[in-house]
Amino acid sequence: MLQSGSASGASSSGSLISSQGSQQLGRQTHLPTTLLYHQRWASHSSQGSLSKPVTCKLAGLRAFAATPSPTGEGGAGSAKNEVHSSHLAVFVSGGGSNFKSIHAACQRGQIKGEVALVVSNVPTCGGVLYAQDHDIPTLIYPASKKKSVEGMTADELLSALKHQFEVDFILLAGYLRLIPPEIVRAYNCRILNIHPALLPAFGGKGFYGMRVHEAVVASGARFSGPTVHFVDEEFDRGPILAQRAVPVYPSDTPGDVQARVLRQEHIVYPECVAALCDGRVSWRDDGVPILWDGGKQV
Ligand code: GRF
């Protein structure tokens, strides 16, 4: 089920682990993520840059509030050499342009993380091919009897995410399947999605691809734009982390809107992932996430 050509071993569940993937697991610590968060907070808090930890309201995962100083110094992302490089799993079903923008942001250091794994339900999609070209391991989930696609079970996928690839954050980038509840629970407040419209409008089951932009144009809405949000068990419903508005002109075709929105997607998604990896996301008491940048809420 692992698609990378560098596969070299088999787990007890039968899914393969690539040698390349194993090398990427070469971290110095193998602590539970919650403990890593504690360590991160402890080291940063000694510099007086963070407020006390707050609880992610979705289900009690402890996230840590980056409260930068008024000058913009400090904050979780600013402590040098102390933020570990996060392991990211990107889920794709299509061309993967958002995946590519995240990968590029990791490579230029904007995101303190690396794409450790790509997951897809479409073994031949552009995102998977790009991953294979860049020696990034790929897993297929879910299986599709209709299309004769062999894939993992949800339990196997969760085990691979947690134990084989030690994934910190899951990033949905044009992935057209629901994330199974056990993975949503295990990665509570650590899964992001990008949607090509301003949620909560034009979202939910059936709103994907060009259908979203067709609905926007048909509605007469004068603005659209990407929404980055945390993922729960429903399509396009979790807490909103960031949005960017672009104009929609009366003469626009759905394709015009798609292109304008996509340009912003490639900017805002890496910014959100960078904030997540830096610990620059805090949670308001009512469960609304806040992204911090340069000492400001954005
Ligand atoms: C993007 O428009 C994204 O907002 C949506 O699916 C599309 C994926 O495009 N969730 P790409 O595969 O990243 O190019």
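The values are calculated or read from the model by the stated rules, or taken from the named source; none is laboratory data. The structure displayed is predicted, hence computed values, not measured ones. Note that we place each Cβ from the backbone using ideal geometry, even for glycine, and neighbour counts take in every protein chain shown. For accessibility, only protein heavy atoms count, side chains too; no ligands or nucleic acids. Shrake-Rupley method; radii C 1.70, N 1.55, O 1.52, S 1.80 Å.
Structure summary
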| item | result |
| --- | --- |
| Only one of 244, 222, 263, 237 that is surrounded by fewer than 22 Cβ atoms within 10 Å (Cβ to Cβ) and under 18 Å from residue 91 (Cβ atoms) | 237 |
| Of all residues in the range 66-93 being at pLDDT 50 or above and open to solvent by 30 Å² or more (accessible area, probe 1.4 Å), the one that is nearest to residue 273 (Cα to Cα) | 85 |
| Test for residue 116: is it within 18 Å of the chain's Cα centre (by Cα), part of a helix (DSSP H, G or I), over 24 Å from residue 239 (Cα atoms) and of a type in the set (Gly, Ala, Ser) | no |
| Residue within the range 274-293 that is within 18 Å of residue 110 (Cα to Cα), in contact with a strand residue (DSSP E or B) (Cβ under 7 Å, 6 or more places away or on another chain), away from the ligand (no atom under 16 Å from the Cβ) and open to solvent by 60 Å² or more (accessible area, probe 1.4 Å) present | no |
| Test set (1) under 14 Å from residue 265 (Cα atoms); (2) open to solvent by less than 30 Å² (accessible area, probe 1.4 Å) - residue 231 fails condition number | (1) |
| Residue match in the range 139-148 (condition: farther than 19 Å from residue 209 by Cβ and within 16 Å of the ligand (Cβ to nearest atom)) | no |
| Subset tally (residues that are in contact with a helix residue (DSSP H, G or I) (Cβ under 9 Å, 6 or more places away or on another chain) and not in a strand (DSSP E or B)) for the range 130-153 | 10 |
